[in-house]
Amino acid sequence: MFFKQWLPKADDALPSVNGLSRHFTVQQYTFAAIGLDPKSLQRPIFNKMLALVPMLGLFSLVIPMIGYASLYKSDILKVTDALSPVWEGLLALAKFFYFIWNRQKVIQLLRKIWIKNLEVSSNPEELTIIAEANHRDYLFSLTFCINVITTGVLALAAPLIIATFYTLQGEKFLNVLEPPLKATYPFDFHTPNGLIALYVWDSLFVYFIIFGNLSIDGIFSWFTCNIAAHFRILRLRLKYAGQENGGNITKTTVNGCIDLHRQTIELAEEFNKIFRVNVFIKFTISCLQIACLAFQLVRGKEKVDQIFHFSFLTSVTLQFLLYCYGGQKIKDESLAVSNSVYESFQWQNVEVSLRKSLLIFMMRSQKACDLTGVFFTADLPLFLWVFKTAGSFITMLLTLADNRN
């Protein structure tokens with residue numbers, strides 16, 4: 001593939017997993033777009049220009065955008081129009097800096113799971129479980145990626161389309177052109193040079209939002225799919241362990257299953273410890289973000305802008321669903337181990353000493369591996385709760401807008 005030449009070539013590169021197609025593909029390209037290699041301990045930042053220039057473009061525009069919202073604070077439509085991308089920009093910055101700060105931990109966890117995937121590649125049934133999990137991850141990540149990039153293109157193209165429409169009606173293009181991102185710019189963008197500067201600055205902002213979020217959200221999705229897959233592999237091994245020697249299982253087999261369970265729990269706990277701050281930041285901002293976008297969708301005037309805000313709202317919803325569904329998947333798969341322990345063995349044939357070990361195993365597996373966001377658990381009920389809360393914010397914004405009109 002032509003784009004493969006853009007990918008970093010590290011000395012400590014991990015070998016590919018035989019039998020897995022497009023394994024970690026979307027994540028590799030989105031990280032490479034901002035100069036990062038999430039698989040290399042030696043050189044995780046392989047291109048500082050790609051990492052810093054878009055980030056500085058976003059960082060430098062956040063304050064002018066907040067200034068614009070403050071300047072037009074009496075106009076709810078303009079405030080929400082300015083703040084919607086600000087929330088996403090702040091998320092991208094927070095995720096980027098948090099990854100840089102914890103890059104060694106993230107990469108070490110990734111390499112642990114990657115090596116475990118290599119270990120099971122010799123077993124066709126276990127490899128099938130890993131392949132199915134990674135195929136789902138690829139499809140979701142690709143869909144999310146396409147939607148986010150489409151939203152970014154619409155953000156930059158919508159003002160040009162609207163200005164072209166009014167130009168055909170006799171207006172001057174530069175006079176009716178609105179900036180893609182609402183901010184207090186320190187130059188006149190109604191001039192040819194100003195227009196170029198405007199789009200360079202806004203494009204850097206949009207570029208970093210796109211790939212800053214896609215990269216971290218993508219690796220989050222990959223972690224959840226693969227950790228859940230290893231809980232499924234444990235359940236498969238329990239099934240075959242119960243069939244060993246006509247139900248007369250050995251201590252070695254039981255200890256092997258218990259050890260695999262411990263290792264998988266450790267992976268889940270390490271993952272939770274690394275990403276819990278990201279989860280907290282995401283869910284803290286989501287209510288306001290969804291409310292601003294939904295308000296824009298309801299009260300927006302231009303059809304092209306409404307298409308953009310609908311695409312933006314879809315991206316934010318998919319991003320939010322990624323975190324909630326991932327947390328729910330790990331929780332469900334970890335709890336399912338308990339039933340597998342109970343159903344897999346012929347208890348009347350199990351030695352007393354092994355029966356005690358299995359009972360302790362079963363009791364431990366009844367405690368779910370939760371993905372927490374400091375004060376809450378990331379799961380599907382939280383997804384519904386956030387949308388209900390966002391609905392209250394939307395009602396408040398509509399009431400404020402009606403009162404001021």
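The values are calculated or read from the model by the stated rules, or taken from the named source; none is laboratory data. For clarity, every value in this text was computed on a predicted model and none was experimentally measured. Counting neighbours? That spans all protein chains shown, and the Cβs are built from the backbone with ideal geometry, glycine included. Ligands, DNA and RNA are stripped out before the accessible areas are found, and what is left, the full protein with its side chains, is counted by its heavy atoms. Shrake-Rupley method; radii C 1.70, N 1.55, O 1.52, S 1.80 Å.
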* Asked: Would it be correct to say that ALA390 is under 21 Å from the mean Cα position of the chain (by Cα) and open to solvent by less than 60 Å² (accessible area, probe 1.4 Å)?
  -> yes
* Can you pull out the residues in segment 109-130 that are in contact with a helix residue (DSSP H, G or I) (Cβ under 9 Å, 6 or more places away or on another chain) and among the small types (Gly, Ala, Ser)? -> SER121
* Asked: Looking at this structure, is SER84 among the hydroxyl-bearing types (Ser, Thr, Tyr), part of a helix (DSSP H, G or I), over 28 Å from LEU20 (Cβ atoms) and touching a residue at least 60 places away in the same chain (Cβ under 8 Å)?
  -> yes
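Within segment 371-405, which residues are assigned to a helix (DSSP H, G or I) and touching a helix residue (DSSP H, G or I) at 6+ places or on another chain (Cβ under 6 Å)? Before you say what the answer is, go through the steps one by one.
From segment 371-405, those assigned to a helix (DSSP H, G or I) are 380-404; that's our starting set.
Correct list: LEU380, LEU382, PHE383, VAL386, THR389, ALA390, PHE393, ILE394, LEU397, LEU400, ALA401.
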* Give the number of residues within segment 337-356 that are farther than 30 Å from CYS324 by Cβ, open to solvent by 40 Å² or more (accessible area, probe 1.4 Å) and not acidic (Asp, Glu). => 8
* From the options LEU139, LEU154, LEU198, residue that is surrounded by fewer than 18 Cβ atoms within 10 Å (Cβ to Cβ), assigned to a helix (DSSP H, G or I) and either without any contact (Cβ under 8 Å) to a residue 12 or more places away in the chain or of a type outside the set (S, T, N, Q) (or both) -> LEU139
* Which one of these does LEU58 not meet: (1) under 25 Å from PHE220 (Cα atoms); (2) surrounded by fewer than 22 Cβ atoms within 10 Å (Cβ to Cβ); (3) hydrophobic (A, V, I, L, M, F, W, C)? -> (2)
* Only listed residue being surrounded by fewer than 22 Cβ atoms within 10 Å (Cβ to Cβ), part of a helix (DSSP H, G or I), out of contact with any Pro (no Cβ under 9 Å at 6 or more places or on another chain) and of a type in the set (A, V, I, L, M), chosen from ALA69, ALA92 -> ALA69
* Subset of segment 95-120 [buried (at least 16 other Cβ atoms within 10 Å of the Cβ) and among the polar types (S, T, N, Q)] -> ASN102, ASN117
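Do we have any residue at all in segment 283-294 that's in a helix (DSSP H, G or I), among the hydrophobic types (A, V, I, L, M, F, W, C) and at pLDDT 90 or above? Before the answer, list the steps.
Keep residues of segment 283-294 that are in a helix (DSSP H, G or I), which gives 283-294.
Going one step further and asking which of them are among the hydrophobic types (A, V, I, L, M, F, W, C), we end up with 283, 285, 287-288, 290-294.
In the following step, the residues that additionally are at pLDDT 90 or above were identified as none.
Within segment 283-294 (the criterion being in a helix (DSSP H, G or I), among the hydrophobic types (A, V, I, L, M, F, W, C) and at pLDDT 90 or above), the answer is no, since none of the residues qualifies.
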